[in-house]
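Everything below concerns the one structure shown next.
The values are calculated or read from the model by the stated rules, or taken from the named source; none is laboratory data. Computed from a prediction, not measured in an experiment: that's the story for all the values here. Here Cβ is always computed from backbone atoms with ideal geometry, including for glycine, and neighbour counts include all displayed protein chains. When the accessible area is computed, the model is the full protein with side chains, heavy atoms only, and any ligands, DNA or RNA have been set aside. Shrake-Rupley method; radii C 1.70, N 1.55, O 1.52, S 1.80 Å.
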Amino acid sequence: MGHAWVDAPLSGGAPKALKGELTLMLGGEAGDVTTAREVLSQIASNITHMGSSGAGQATKLINQVLCGIGFMAVAEATALAEDAGIDVEKIPGALRGGRADSAILQEYMPRFAARDYRKTGRLDNFIKDLNGAMDLARQKNTPVPFTSLSCDVHRIMTRAGYGAEDEATMIEYYLGPSRKD
């Protein structure tokens, strides 16, 4: 019928969308991607053609694996730093540019420490992406134990009533009921 298909999942969430700075991972034929890029460049600052149709979505799932595990790692590190009496506010600056640095560390460690739960995403929505990554892993017979753990922690948080909340509430998992305010 003369139509083309390009999958163009995004990363960056609401904060980057508001600035027109989304990251897009495109899957499709090269010519179709070139045509789509003309329109998509209005909303994204990072656009990468990943391969044939479906490659963009697979890349998005890989992004979500890294984010899911990253949120847990930074929340866990925040709880440990607090318990060790370290000024958590100094850690992102101290680690900036090192191997442990990441956008999640820079944005979320201060939010975890401040218990800043403003919404930029939803825990329960993230589960669908982690489930998608685990489905892809099953299809490829790839072991993903940390992704499975991250998905289970997101399910636990959702069951505990945090499903509609932002990833920043992940710190509550590490604080436990005896430390809650």
Practice prompt. Report the residue count in segment 117-146 for those that are in contact (Cβ under 8 Å) with a residue 60 or more places away in the chain and over 19 Å from G54 (Cβ atoms).
Written response: 4
Response to the item:
Listed by first then second residue, the pairs whose first member lies in segment 1-18 and is at pLDDT 95 or above, whose partner is outside any strand (DSSP E or B) and β-branched (V, I, T), with beta carbons under 6 Å and at least 6 positions apart or on separate chains, are V6/V33
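I'd like the full set of residues that are among the small types (G, A, S) and within 19 Å of the chain's Cα centre (by Cα), limited to segment 139-180.
Of everything in segment 139-180, those that are among the small types (G, A, S) and within 19 Å of the chain's Cα centre (by Cα) turn out to be S148, S150, G163, A164, A168.
Just name the residue that is modelled with the lowest pLDDT out of those in segment 161-181 that are closer than 16 Å to A113 by Cα and of a type in the set (A, V, I, L, M, F, W, C). I'd like the intermediate steps shown before the answer.
Restricting attention to segment 161-181, the residues satisfying the condition of being closer than 16 Å to A113 by Cα are 166-176, 179-181.
Right, trim to of a type in the set (A, V, I, L, M, F, W, C) and you get 168, 170-171, 175.
Numbers: A168: 95, M170: 94, I171: 94, L175: 86.
My answer is L175.
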Worksheet item: If the Cβ limit is 9 Å and pairs must be 6+ apart or interchain, which residue in segment 91-115 that is touching a residue at least 40 places away in the same chain (Cβ under 8 Å) and among the basic types (K, R) pairs with which residue that is surrounded by fewer than 18 Cβ atoms within 10 Å (Cβ to Cβ) and part of a loop (DSSP other than H, G, I, E, B)?
Response: R111/Y117; R111/R118; R115/D181
Worksheet item: Being touching an Asp or Glu at 6+ places or on another chain (Cβ under 8 Å) and surrounded by fewer than 17 Cβ atoms within 10 Å (Cβ to Cβ), is that true of even one residue in segment 74-93?
Response: no
Practice prompt. Give the number of residues within segment 147-181 that are part of a loop (DSSP other than H, G, I, E, B), touching a residue at least 12 places away in the same chain (Cβ under 8 Å) and among the small types (G, A, S).
Written response: 2
Discussion item. If I69 satisfies all but one of (1) in contact (Cβ under 8 Å) with a residue 60 or more places away in the chain; (2) open to solvent by 40 Å² or more (accessible area, probe 1.4 Å); (3) out of contact with any helix residue (DSSP H, G or I) (no Cβ under 6 Å at 6 or more places or on another chain), what's the number of the condition it fails?
Written reply: (3)
